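Inspection log for the structure reproduced underneath, given as structure tokens.
Quick note: the coordinates plus some simple rules give every number you see, no bench work behind them. Note that the coordinates shown come from a computational prediction; the quantities given were computed from them, not determined experimentally. As a convention, Cβ positions derive from the backbone with ideal geometry for all residues, glycine included, and neighbour counts pool all protein chains shown.
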Amino acid sequence: MHISLADIFGYLASLCMILGYLPQAIMTIRTRGTDGISMMTFSMMGLGSIFFVVNGLMWRNYPLAITNIITAVCAVIIFGIKINNDYFKRLRK
């Protein structure tokens, strides 16, 4: 099996993406705190992940698709908690 330099960079990028999203998702799930999270940023990053899933599937680049499925799920969870928090904050006022 031959692993190219491009493959190595791809796997490193995947690892960085997952390790970038996962801690935020875990912390948000545990604390339910979303005050410091930008709705626009997470919306765009989540959409970007979804588009990369489609791109990865179309090119049969499964590591790209799998990585972005994981990051999209994290973004959707954080987005859902953020929406819930913001909605209930408005109700309490």
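Going through segment 11-48 one residue at a time, which ones are without any contact (Cβ under 8 Å) to a residue 12 or more places away in the chain, part of a loop (DSSP other than H, G, I, E, B) and of a type in the set (Ser, Thr, Tyr)? 38, the sole residue that qualifies.
Checking every residue in segment 64-72 against the condition of being surrounded by 16 or more Cβ atoms within 10 Å (Cβ to Cβ), under 14 Å from the mean Cα position of the chain (by Cα) and hydroxyl-bearing (Ser, Thr, Tyr) gives at least one match. Give the residues of segment 49-79 that are in contact with a helix residue (DSSP H, G or I) (Cβ under 6 Å, 6 or more places away or on another chain), of a type outside the set (Gly, Ala, Ser) and farther than 30 Å from residue 35 by Cβ, sorted by residue number. 57, 63, 64, listed by residue number. Exactly one residue among 51, 42 is of a type in the set (Phe, Trp, Tyr), within 23 Å of residue 88 (Cα to Cα) and surrounded by 12 or more Cβ atoms within 10 Å (Cβ to Cβ), and that residue is 42.
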